[in-house]
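Here the structure is laid out as structure tokens; the discussion comes afterwards.
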Amino acid sequence: MTSFRKELKINRRGLLLGMSALATAASFTQSPGLAASNGYIHEPDSIVQFMLVSKLLVPHELDPFVGHKIYNALSDSEEGFDNTVTALQNFIMKNAVVDVEHLMPALTDVALKNSALKIISAWYSGVVHGKSGDRVVAFEEALMFKVTNDVMTIPSYAKSAPNAWNATAVPLLNMPSF
């Protein structure tokens, strides 16, 4: 009688190659950017809608992570914020508005205009002003610092920039040496 059992030989090189291939595959599936591009992470429609409105209101490269935090803070501070974002998007689509310069004069509803200004303010300042107080959602990623980052550092207790405690500060002027 013949044995169907085959002897399995694993050498150290094969084991290490297999483990590294498995670890690489696992790291790709855990990567948020790659997972989002493959459709594994599903953003709720309300956040997608908020980001679309934000891109029209704020003509800059917007960070989705900061946008998520701004959306959550505004939702917590403003009653019916989802309905407001939907109304803003419907107004934009209905009137075929292409930029914020055309949107703001066209908005006649004071509540919608105030909500649009709150969204713009949150993106630039990194702070959401609510009834229960102010909530900081971004510091280093606030757009008011992005506009002047080539000539001015972000105010911080760190020497050169936020989260750069060990970096040497760049001198502002060429100081004469005596």
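Considering V128, V136, which residue is assigned by TED's automatic domain parsing to the domain that holds V58, surrounded by 12 or more Cβ atoms within 10 Å (Cβ to Cβ), free of Cβ contacts under 8 Å to residues at least 40 places away in the same chain and aliphatic (A, V, I, L, M)?
V136 is the lone residue from the list that is assigned by TED's automatic domain parsing to the domain that holds V58, surrounded by 12 or more Cβ atoms within 10 Å (Cβ to Cβ), free of Cβ contacts under 8 Å to residues at least 40 places away in the same chain and aliphatic (A, V, I, L, M).
Quickly run through region 49-62 and pick out the residues that are of a type in the set (D, E, K, R) and outside any helix (DSSP H, G or I).
Once the filter is applied, which keeps residues that are of a type in the set (D, E, K, R) and outside any helix (DSSP H, G or I), region 49-62 yields only E61.
Free of Cβ contacts under 8 Å to residues at least 12 places away in the same chain and of a type in the set (A, V, I, L, M, F, W, C): is that true of A96 in this structure?
In short, yes.
State whether one or more residues within region 70-93 are touching a residue at least 40 places away in the same chain (Cβ under 8 Å), among the acidic types (D, E) and over 27 Å from N149 (Cα atoms).
yes
What's the total number of residues in region 63-113 that are touching an Asp or Glu at 6+ places or on another chain (Cβ under 6 Å) and in a helix (DSSP H, G or I)?
1
The values are calculated or read from the model by the stated rules, or taken from the named source; none is laboratory data. Computed from a predicted model, the values in this text were never measured in an experiment. When we count neighbours, we look across all protein chains shown, and the Cβ atoms used for this are built from the backbone with ideal geometry, even at glycine.
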